[in-house]
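K.L.:
The structure that follows is given in the form of structure tokens.
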Amino acid sequence: MDSTTLIDDIKTNVIQGRVTSDDEGFDEGFEGKPATVELVEKALEEGVDIKALIVDGLTGGMNIVGERFETGVYLIPDMLAAAEAVGQAMDILSPHLESAGVESKGKFLIVTVKGDLHDIGKNIVSIMLKGAGFKIVDMGTDVATDKIIEAVETHKPDFLGMSALLTTTMREMPNVIDGLKSRGLRDNVKVLIGGAPTSPEFTEKIGADVHCADAFQAVDYTNANA
Amino acid sequence: MTEQFRDGVIVRDPFKRLSDNEVKILDKASTDILENLGLQCFNEEAADIFSKNGCTVNKHDERSWLVKIPAKVLKDAVSKAPSKVILGARNPENRLMLDADTPRIYFGSGSETNIWLDAHIETFVSEKDRSKKKQLAVYTQKRGNIERLSIAARLAEQLEHLDFFIRPVNIQDEEINENNHDVNKFYYSLNNTSKHVMAGLTSLDQLDNIVKMAEIIAGGPEALKENPVLSFITCTVKSPLEMVDDATQKLIEFSKRGLPFVVSSSPQGGSTAPIQEAGMVAQINAEILSGIALSQMVNPGAPVIFGSVPVRARMDNLHDMYGAPEFNQYNLDCVQMARYYRVPCYSTAGVGDSSVPGMQASIEKMFTHIPIAMSGAQYIHYAFGLLDRTNIFCPAQAVLDNQHIGMIKKFLDTPKLGEDDIETVMGQIIKVFNSRQKLYARFTRKGLRDGSIYSHYPFESDGGDGIIEKALAGLEEILSRPVNSLEEDVQKKILEEVPGILSQ
């Protein structure tokens, strides 16, 4: 299989939202055939140009997925499946990116704040951002404020995304921002917040950069500020 | 003909309001009514048939006889009614199997309303603030006619969850009279839907013409027996307990010819029947059983359906009231009574007391749709588009009802717990458990596409009459689809051989 065909196949599988060969995809007739993960591994073995693979295969596929979502052909699960396929492909490719001359779009530290175990929204944002080409550092749930500040210091992310589902736990968010300020880190990172009880007013009050009502707003904001 | 029927939904463990003992108590009460009190019969032939079959028949007054049906006679006659009745259709895939022993439910339209409610959306501007505007529905009441009946049948053809067609609107064209009413209502129903068509018969004189029409469509007399593309409703009893002359004569004729029909009774709790559940059900059950018994005395095995339409009176105006808890109680009990006698049940649900479509109407409709569906009634009529009790048919509401009935059918669907199903979901659980993101979203994709997973409410709106606007858009799209008419040669033959059909 030549590299163009292989990249086209990867693009098709991203559009189909197929991570591995046992995924069904959107259209009929794909089950059992190699999917994004297998094809990316094969591309690495065959020395396919990684930059072309990412630009034409993964990003090209995601662009079409985005169009299909906009026109109502795809629903959220289709979008997430495609993003997950891209995310897993990027995991496989990550050790090779530097040598291939591929620059990351940016690093995104994502976390659910102290006292809160609700992470569905955070996980969706994480999948979507990874699919959009960002490097994700996911700290998980119920993470203490000090730990978040330390992580910002250590990982030096371009973005920090914080989520909370409860009115009681969202109160941790200003503590993180105050901590970042006191350590001189606030200006180095854009702070995104989200979760049911949060609002644009709360965002302004605590001094975060942007409120994201859903994962799409998070992707739009990070793409615009990458 | 192959054994092909619409799927319907088989309700697992149907909801029972009555205990087995309570069913027997009501059976005994109904039997006692017919044995000891009797019914007043205004049809001479029926009185004669009852008499010849072991009933006590005495002249009551100049026009009527008092018929007392001994318990054993009643039981023997009712036991001869078939437990399975097939209702045919122009398209054999639309045939219905009504089986008293199987709680397979079908939903259909009904009631011959006189008013057709059209709607359109207009923009209204606030008097206080001209920048504030709202989109609201404006309604126009029109009289039923052949054109609107045809549109209703076209709509019924396309509504996925409508399983049979009872015309929801009367035909009141100037040229319509008693002699051509039946041929026109059946013809314009059958020419616009390939689903089963059921209706009352206005004039017994027209029965030959209707049967001829049905035979032409089915492909001859024998084919009609296998695939009865139409059937009838007869309300033999005027509550309380008066067997009327005209409808009873039709019952006798349908029975003789072996044409499928419903023996329907519709007493009103609080006026023509006791308002108390026990009294209502004892009486309506006696009324229906008297008709079923008569049909089996005429022709043992005649395909007959237990037709229960018990309603409740509203006490400030004595109108029917459908969105009432008692309505559900009465109807649920009747479904159980029909099952006890092993006769398929024509039941009632989905009528709105509201006079306009939308929220109140849908709430009232769902309040009866859900429990009656859960009871496993085989043939649920009145389910589409009826408003203002049964006085108005609104096509936009029928579009909403189709959505809601689809949701009910889906909710009552058989659980999918086979080995393959378990294997599939266990695979998902393992995959997601071992993943970082713990999300099952992508495993919903196939089901969303093939419709096995409910997507979302398609008429949701931001307020105002957005729901009506969307229903109207749906209606417009449905009515733009090609009409499934009778084949041209069939139409031609009917028009040549059946007199009285008006051209459109």
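No lab work stands behind these numbers, since they all come straight from the coordinates. The structure displayed is predicted, hence computed values, not measured ones. Because the Cβ atoms are built from the backbone with ideal geometry, glycine has one as well, and the counts that use them run over all protein chains shown.
K.L.:
Report the paramagnetic label zone for B:ASP246: residues of the stretch B:180-201 whose backbone N is under 20 Å from a point 7 Å from Cα along the Cα-to-Cβ axis.
P.N.:
Within reach of a label on B:ASP246: B:180-187, B:198-201.
K.L.:
Provide A:HIS155, B:HIS456 in ascending order of the number of other Cβ atoms located within 10 Å of each residue's Cβ, fewest first.
P.N.:
Starting with the residue having the fewest Cβ neighbours, the order is B:HIS456, A:HIS155.
K.L.:
Show me the ranking of peptides A:135-146, A:15-26 by mean Cβ neighbours inside 10 Å, starting with the highest.
P.N.:
A:15-26, A:135-146
K.L.:
List the pairs from B:LYS409/B:LYS446; B:LYS132/B:LYS410; A:LYS135/B:LYS431; B:LYS16/B:LYS80; B:LYS28/B:LYS410 whose alpha-carbon separation is above 29 Å, in the order I gave them.
P.N.:
Where the Cα-Cα span goes over 29 Å, the pairs concerned are B:LYS132/B:LYS410; B:LYS28/B:LYS410.
K.L.:
Let me ask something additional. Please state, to two decimals, what the Cα-based radius of gyration of the stretch A:33-151 comes to when divided by 2.2 N^0.38 Å (N = residues).
P.N.:
Taking the Cα Rg and dividing by 2.2 N^0.38 Å, one obtains 1.17.
K.L.:
Other chains near A:114-127: what is the mean number of their Cβ atoms within 10 Å of each residue's Cβ?
P.N.:
Per-residue shielding by partner chains comes out at 2.
K.L.:
How large is Rg over Rh for chain A, taking Rg from the Cα atoms and Rh as the Kirkwood inverse mean of 1/r across Cα pairs?
P.N.:
Here the Rg-to-Rh quotient is 1.01.
K.L.:
Let me ask something else. Would you kindly state how much longer the chain becomes between A:LYS205 and A:ASP2 on full extension, computed as 0.36 nm times their sequence separation minus their alpha carbon distance, in nm to one decimal?
P.N.:
Extra length from A:LYS205 to A:ASP2 when fully extended: 67.5 nm.
K.L.:
Mind checking the mean number of beta-carbon atoms from other chains within 10 Å of the Cβ atoms in B:433-441?
P.N.:
If you average over the peptide's residues, the count of other-chain Cβ atoms is 6.
K.L.:
To the nearest 0.05, how large is the calculated FRET efficiency for A:SER104 and B:ASP420 if R₀ is 51 Å and r is the Cβ-Cβ distance?
P.N.:
Efficiency for this residue pair is about 0.75.
K.L.:
Something else: Over the Cα atoms, compute the radius of gyration (one decimal) and Dmax (the largest Cα-Cα distance, rounded to a whole number) for the stretch A:3-96, in Å.
P.N.:
12.1, 37
K.L.:
When the label point is put 7 Å from the Cα of B:LYS431 along its Cα-to-beta-carbon vector, which residues of the stretch A:69-89 have a backbone N closer than 20 Å?
P.N.:
From the stretch A:69-89, the list is A:74-89.
K.L.:
Let me see the pair-distance distribution of the protein assembly as shown: every alpha carbon pair, 10 Å bin width, integer percents in order.
P.N.:
3, 12, 18, 18, 15, 12, 10, 7, 3, 1, 0
K.L.:
Is any helix in chain B, taking whole DSSP H runs, at least 15 angstrom long along its axis by alpha carbon and on average at least -1.0 on the Kyte-Doolittle scale, and which ones?
P.N.:
For chain B, where a helix must reach 15 Å along its axis and average at least -1.0, the hits are B:20-32, B:146-158, B:207-218, B:277-298, B:325-341, B:359-374, B:395-412, B:419-433, B:466-479.
K.L.:
Note down the relative contact order for chain B as a percent, whole number, built from C-alpha pairs under 8 angstrom at least six residues apart.
P.N.:
So the answer I get is 20 percent.
K.L.:
Measuring from label point to label point, each 7 Å out along Cα→Cβ, what is the B:ASP76 to A:GLU70 span in nm?
P.N.:
8.0 nm
K.L.:
Also: Can you compute the FRET efficiency between A:LEU44 and A:ASP22 using 1/(1 + (r/R0)^6), with r the Cβ-Cβ distance and R0 = 25 Å? Round to the nearest 0.05.
P.N.:
E(calc), rounded to 0.05, equals 0.75.
K.L.:
Send over the per residue convex hull volume for the stretch B:323-372, Cα only, as a whole number of Å³.
P.N.:
61 Å³
K.L.:
For the stretch A:107-225, what is the relative contact order in percent, using Cα pairs closer than 8 Å and at least 6 residues apart in sequence?
P.N.:
With pairs under 8 Å counted, the relative contact order is 29 percent.
K.L.:
Given the C-alpha atoms of the stretch B:221-311, compute the convex hull and give its volume per residue in Å³.
P.N.:
Looking at the stretch B:221-311, the number lands at 86 Å³ per residue.
K.L.:
For B:ASP20, A:ASP49, what's the fewest-to-most ordering of other Cβ within 10 Å of each Cβ?
P.N.:
B:ASP20, A:ASP49
K.L.:
OK, next. Among B:487-494, B:43-50, how do they line up by average Cβ neighbours within 10 Å per residue, starting with the highest?
P.N.:
The densest-packed peptide leads the list: B:43-50, B:487-494.
K.L.:
Counting only helical runs of four or more DSSP H residues, what would the 222 nm mean residue ellipticity of the protein assembly as shown come to if each run contributes -39,500 (n - 2.57) and the total is spread over all its residues?
P.N.:
Helices in the protein assembly as shown give a 222 nm mean residue ellipticity of -13000 deg cm²/dmol.
K.L.:
Taking the Kirkwood radius as the inverse of the mean 1/r across Cα pairs, report the Rg/Rh of the stretch A:107-225.
P.N.:
Ratio of gyration radius to Kirkwood radius: 0.91.
K.L.:
Determine the principal axes of the Cα atoms in chain B, then give the extent along each, sorted from largest to smallest and rounded to whole angstroms.
P.N.:
Extents along the principal axes, in whole Å: 81, 56, 55.
K.L.:
So what is the relative contact order for chain A, in percent, with contacts set as C-alpha pairs under 8 Å and at least six apart?
P.N.:
Once divided by the residue count of chain A, the mean separation gives 16 percent.
K.L.:
Now for a different question. Please check: in the Gaussian network model of chain A (C-alpha springs, under 10 Å), which one of A:VAL73, A:VAL189, A:VAL176 has the largest mean-square fluctuation.
P.N.:
A:VAL73
K.L.:
Need one number: % antiparallel among DSSP beta bridges in chain B, to the nearest 5.
P.N.:
DSSP beta bridges in chain B are roughly 50 percent antiparallel.
K.L.:
Now for a different question. Run the paramagnetic zone check for A:HIS118: 7 angstrom along Cα to Cβ, then residues of the stretch A:139-167 with backbone nitrogen under 15 Å.
P.N.:
A:141-142, A:162-167
K.L.:
Within the protein assembly as shown, what percent of beta bridges assigned by DSSP are antiparallel, to the nearest 5?
P.N.:
Of those bridges, close to 40 percent are antiparallel.
K.L.:
Can you figure out the FRET efficiency of B:GLU127 with B:MET359, using R₀ = 22 Å and their beta-carbon distance, to the nearest 0.05?
P.N.:
Calculated transfer efficiency: 0.35.
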